[in-house]
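A quick write-up on the structure given underneath.
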Amino acid sequence: MKYIYEDMQKNPVDFGEMDNSFFLIGLLNQFVNRFQVAGDRFFKDISWKQCFVLICIRFFENPPTLKELSELMGSSHQNIKQMLLKLERAGYIEFIPDESDKRKRRIVLTEKTHRFTEEHDAPSSAFMEQLFQNVERENLEITVKTIMKLDEQLKRMKV
């Protein structure tokens, strides 16, 4: 399959007969970069990546540890810790000692995060609705399943 990236008017890019698997990985990276730029513009006080950290914390039934959060996000402890420290300084999260193991610290969301969430939930939903307006539900489901399979395989590979 031949791909031609036509958005670059002065200097078109021709991906030739690139294998779909290679093209998909490049496309995912490109999309993530564009989405991050859009998210950084959307949120005034924090970056999209910091917002994603807050979203991931909300998925846990109980306040997560750094290790648990890093595993869910698929990122290094060091990267997540740096973002958490910035969020802590800005008042979005707090670290509390684990009740059963005082060496562990759990991450809790603050009232500031709850206000941030309330303020941004409706506009975020509208943004996502607009983003996916031309994507058929079947295609979205197939894409999610495909990316989940790739993620599972990558975890098994332990590269």
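The values are calculated or read from the model by the stated rules, or taken from the named source; none is laboratory data. Bear in mind that the values here come from a model prediction, so they are computed numbers and not experimental data. Using ideal geometry, Cβ is built from the backbone for each residue, glycine included, and neighbour counts are taken over all protein chains shown. The accessibility values were calculated without ligands, DNA or RNA, using every heavy atom of the protein model including side chains. Shrake-Rupley method; radii C 1.70, N 1.55, O 1.52, S 1.80 Å.
Please tell me if Lys102 is modelled with pLDDT under 95 and more than 16 Å from the chain's Cα centre (by Cα).
So Lys102 passes the test.
Note down all Cβ pairs under 8 Å where the first residue falls in region 86-107 and is of a type in the set (Gly, Ala, Ser), the second is assigned to a loop (DSSP other than H, G, I, E, B) and open to solvent by less than 80 Å² (accessible area, probe 1.4 Å), and they're at least six residues apart or on different chains.
Short answer, once both residue conditions are applied: Ala90/Ile46; Gly91/Thr110.
For the list (1) under 13 Å from the mean Cα position of the chain (by Cα); (2) modelled with pLDDT of 95 or more, I need the number of the one condition that Ser75 fails.
(2)
Can you name the condition, by its number, that Thr113 falls short on among (1) among the polar types (S, T, N, Q); (2) at pLDDT 95 or above; (3) surrounded by 10 or more Cβ atoms within 10 Å (Cβ to Cβ); (4) out of contact with any Leu (no Cβ under 6 Å at 6 or more places or on another chain)?
So Thr113 meets the others, but not (4).
Cβ-Cβ under 6 Å, sequence separation 6+ or interchain: first residue in region 12-26 and at negative phi, partner open to solvent by 60 Å² or more (accessible area, probe 1.4 Å). Which pairs?
Asp14/Ile4
Kindly provide the set of residues from region 65-95 that are under 17 Å from Thr113 (Cα atoms) and of a type in the set (Ser, Thr, Tyr), ordered by number.
The answer is Tyr92, and nothing else.
Take the residues of region 13-24 that are surrounded by 12 or more Cβ atoms within 10 Å (Cβ to Cβ) and part of a helix (DSSP H, G or I): which is nearest to the chain's Cα centre (by Cα)?
That would be Leu24.
Based on what the data block shows, is Thr146 touching a Leu at 6+ places or on another chain (Cβ under 9 Å), part of a helix (DSSP H, G or I), open to solvent by less than 80 Å² (accessible area, probe 1.4 Å) and without any contact (Cβ under 8 Å) to a residue 12 or more places away in the chain?
Against the criterion (touching a Leu at 6+ places or on another chain (Cβ under 9 Å), part of a helix (DSSP H, G or I), open to solvent by less than 80 Å² (accessible area, probe 1.4 Å) and without any contact (Cβ under 8 Å) to a residue 12 or more places away in the chain), Thr146 qualifies.
Quick check on my filter: what residues within region 56-90 are outside any helix (DSSP H, G or I) and either surrounded by 13 or more Cβ atoms within 10 Å (Cβ to Cβ) or in contact with a strand residue (DSSP E or B) (Cβ under 8 Å, 6 or more places away or on another chain) (or both)?
If the condition is that a residue be outside any helix (DSSP H, G or I) and either surrounded by 13 or more Cβ atoms within 10 Å (Cβ to Cβ) or in contact with a strand residue (DSSP E or B) (Cβ under 8 Å, 6 or more places away or on another chain) (or both), then Phe60, Asn62, Pro63, Pro64, Thr65, Ser75, Ala90 are the ones that fit.
Those residues that are open to solvent by 90 Å² or more (accessible area, probe 1.4 Å) and aromatic (Phe, Trp, Tyr), I need them from region 30-55; list them, please.
Once the filter is applied, which keeps residues that are open to solvent by 90 Å² or more (accessible area, probe 1.4 Å) and aromatic (Phe, Trp, Tyr), region 30-55 yields only Phe31.
Take region 91-110 and flag every residue that is over 14 Å from Ile57 (Cα atoms), of a type outside the set (Gly, Ala, Ser) and either open to solvent by less than 30 Å² (accessible area, probe 1.4 Å) or outside any strand (DSSP E or B) (or both).
Asp98, Glu99, Asp101, Lys102, Arg103, Lys104
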